[in-house]
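To keep things clear, I will list the structure first and then write my remarks on it.
The values are calculated or read from the model by the stated rules, or taken from the named source; none is laboratory data. Note that the coordinates shown come from a computational prediction; the quantities given were computed from them, not determined experimentally. So basically every Cβ, Gly included, is an ideal-geometry build from the backbone, and we count neighbours across all protein chains shown.
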């Protein structure tokens with residue numbers, strides 16, 4: 001697309017709309033990726049008004065096309081010696097700011113659209129941390145649930161046998177995500193070392209502490225989410241103290257968001273899994289949730305066996321009908337739609353912050369923003385996990401470990417800086433208080449300037 005620099009709103013909107021129309025044609029079968037792109041595009045008109053040189057350099061078209069998409073077959077044997085076949089992915093979206101960085105997801109829902117949307121979001125999220133990391137994402141449609149340790153090990157070894165040729169400490173550094181924890185990272189790292197005949201600790205993050213992993217990594221996304229909300233509340237002279245909180249999900253993000261919110265004096269009354277949700281009017285007993293999820297790997301409905309005053313309801317989306325001051329969606333993409341957002345609003349919610357990736361659809365986001373709800377978008381609010389992964393990379397490079405307190409302190413500072421940068425960008429570009437606009441623009445401008453600095457390639 002060739003566009004003249006004019007520096008006005010009409011030309012900016014024409015350029016953005018033109019790029020998005022082209023994107024829809026090229027990616028018509030990828031709804032998640034198009035949703036993620038549209039959410040960012042909606043923020044960018046004032047940027048192109050103030051920076052018409054971005055149009056001349058066709059920055060937007062360059063930024064929405066990944067550097068490469070790697071798709072590969074993963075063949076492995078189950079415990080019955082049956083050969084199984086899955087599909088693996090690595091989407092290396094941008095390394096303008098630093099080496100590609102982003103998690104691996106093992107889940108039946110994994111497809112190219114989801115990988116692209118997650119990798120695209122990762123570029124912006126990673127840039128906001130202020131650390132030198134680019135954006136990528138990967139994974140497989142392999143489902144670790146119900147598999148033995150031996151099956152998971154064999155799958156991870158088969159997966160890494162292809163992935164190893166595309167990654168490296170200064171090239172691309174994967175981490176964990178849904179379905180990939182310290183166990184899977186350990187198996188992946190073991191196979192990488194076997195193939196490469198080298199102990200390159202910095203090639204993967206999310207490793208077990210004591211074996212190259214960082215303290216706080218397991219807690220980081222949940223803690224970071226709460227630290228971000230703490231900054232939002234501070235600006236209106238509020239705290240978590242005595243606030244009622246609803247948290248969706250019951251994985252690492254949700255569990256440690258609950259833990260930190262409770263530490264700060266909140267009353268968390270609900271959480272969920274993919275089957276349904278629990279409501280405990282006396283406040284969630286986190287030790288029970290950890291026992292169910294981290295020790296027994298059981299369903300959340302068994303919580304009511306321990307707490308007779310709690311209730312369980314089938315269907316996870318109904319969790320947003322529970323009145324609360326603060327809602328923290330930490331489960332999966334598009335879990336809050338327009339109707340759920342309006343229900344939260346009617347029940348008095350004051351703050352919504354995203355612990356999962358893109359858990360609110362565009363209609364829901366508009367409901368929150370149009371009604372003055374404090375809204376923390378995922379790319380800013382849930383950046384704590386990747387920030388701590390980058391801190392793990394730094395420790396690996398220096399061959400030393402920081403204490404829990406040292407990492408936690410650095411995490412708090414990073415989340416505070418993300419909030420400040422997002423808030424300042426929103427103000428500068430005419431949308432004060434809108435952290436969706438602010439986080440999108442703060443990250444976009446840094447990547448755009450990097451693309452111009454490095455020339456056309």
Reported set for region 98-111 where residues are touching a residue at least 40 places away in the same chain (Cβ under 8 Å) and either farther than 18 Å from residue 30 by Cβ or touching a helix residue (DSSP H, G or I) at 6+ places or on another chain (Cβ under 8 Å) (or both) is 99, 100, 101, 102, 103, 104, 105, 106
Could you tell me whether residue 361 is farther than 17 Å from residue 225 by Cα, in contact (Cβ under 8 Å) with a residue 12 or more places away in the chain, buried (at least 18 other Cβ atoms within 10 Å of the Cβ) and assigned by TED's automatic domain parsing to the domain that holds residue 229? yes
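Report whether or not residue 435 is surrounded by fewer than 24 Cβ atoms within 10 Å (Cβ to Cβ) and at pLDDT 95 or above. Step through it out loud before you land on a result.
On the way: surrounded by fewer than 24 Cβ atoms within 10 Å (Cβ to Cβ): no; at pLDDT 95 or above: yes.
Answer is no for this residue.
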Would you point out which residue out of 256, 187, 223 is crowded, with 22+ Cβ neighbours inside 10 Å and more than 30 Å from residue 432 (Cβ to Cβ)? 256
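With the structure loaded, tell me whether residue 124 is crowded, with 24+ Cβ neighbours inside 10 Å and assigned to a loop (DSSP other than H, G, I, E, B) or whether it fails that test. Explain how you work it out, then say what you get.
Working: crowded, with 24+ Cβ neighbours inside 10 Å: yes; assigned to a loop (DSSP other than H, G, I, E, B): no.
No: the conditions fail for residue 124.
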Going through 357, 440 one at a time, which residue ends up being closer than 24 Å to residue 63 by Cα and at pLDDT below 95? 357
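Any residue at all in region 134-146 that's touching a strand residue (DSSP E or B) at 6+ places or on another chain (Cβ under 6 Å) and on the phi > 0 side of the Ramachandran plot?
yes
Rundown of residues vs (1) in contact (Cβ under 8 Å) with a residue 60 or more places away in the chain; (2) surrounded by fewer than 17 Cβ atoms within 10 Å (Cβ to Cβ); (3) not in a loop (DSSP other than H, G, I, E, B), yes/no style:
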{"site": "11", "(1), (2), (3)": "no, no, yes"}
{"site": "16", "(1), (2), (3)": "no, no, yes"}
{"site": "32", "(1), (2), (3)": "yes, no, yes"}
{"site": "43", "(1), (2), (3)": "yes, no, no"}
{"site": "71", "(1), (2), (3)": "no, yes, yes"}
{"site": "76", "(1), (2), (3)": "yes, no, yes"}
{"site": "79", "(1), (2), (3)": "yes, yes, no"}
{"site": "92", "(1), (2), (3)": "yes, no, yes"}
{"site": "96", "(1), (2), (3)": "yes, no, no"}
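Determine, yes or no, whether residue 422 is touching a strand residue (DSSP E or B) at 6+ places or on another chain (Cβ under 6 Å), in contact (Cβ under 8 Å) with a residue 60 or more places away in the chain and either part of a helix (DSSP H, G or I) or farther than 27 Å from residue 178 by Cβ (or both).
Details: touching a strand residue (DSSP E or B) at 6+ places or on another chain (Cβ under 6 Å): no; in contact (Cβ under 8 Å) with a residue 60 or more places away in the chain: yes; either part of a helix (DSSP H, G or I) or farther than 27 Å from residue 178 by Cβ (or both): yes.
No: the conditions fail for residue 422.
Within region 301-312, does at least one residue satisfy the condition of being at pLDDT 95 or above and buried (at least 22 other Cβ atoms within 10 Å of the Cβ)?
Step one: filter region 301-312 for residues at pLDDT 95 or above, giving 301-307, 309-312.
From what is left, the residues that are buried (at least 22 other Cβ atoms within 10 Å of the Cβ) are 303.
Yes, the conditions are met somewhere in region 301-312.
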Looking only at region 383-403, count every residue that is surrounded by 13 or more Cβ atoms within 10 Å (Cβ to Cβ) and part of a helix (DSSP H, G or I) and tell me the total. 13
Right, residue 152: under 28 Å from residue 412 (Cβ atoms) and in the same structural domain as residue 98 (by TED's automatic domain parsing) or not? no
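Enumerate the helices (runs of 4 or more DSSP H) found wholly within region 187-300, keeping only those where 1 or more residues are closer than 30 Å to residue 100 by Cβ. Show your work before the answer.
Values: elements: 220-234, 252-263, 286-290.
Per the criteria, 220-234, 252-263.
Say we look at region 314-334 and pick out the residues that are touching a helix residue (DSSP H, G or I) at 6+ places or on another chain (Cβ under 7 Å) and within 26 Å of residue 264 (Cα to Cα); which of these is surrounded by the most Cβ atoms within 10 Å (Cβ to Cβ)?
Within region 314-334, the subset touching a helix residue (DSSP H, G or I) at 6+ places or on another chain (Cβ under 7 Å) is 317, 320-321, 326-328, 330-331, 333.
Those still in the list that are within 26 Å of residue 264 (Cα to Cα) too: 320-321, 326-328, 330-331.
On the way: 320: 27, 321: 16, 326: 24, 327: 30, 328: 33, 330: 29, 331: 26.
Restricting to residues being touching a helix residue (DSSP H, G or I) at 6+ places or on another chain (Cβ under 7 Å) and within 26 Å of residue 264 (Cα to Cα), the top hit is 328.
With respect to residue 368, is the statement that it is in a strand (DSSP E or B) and crowded, with 18+ Cβ neighbours inside 10 Å true?
On the way: in a strand (DSSP E or B): no; crowded, with 18+ Cβ neighbours inside 10 Å: yes.
In short, no.
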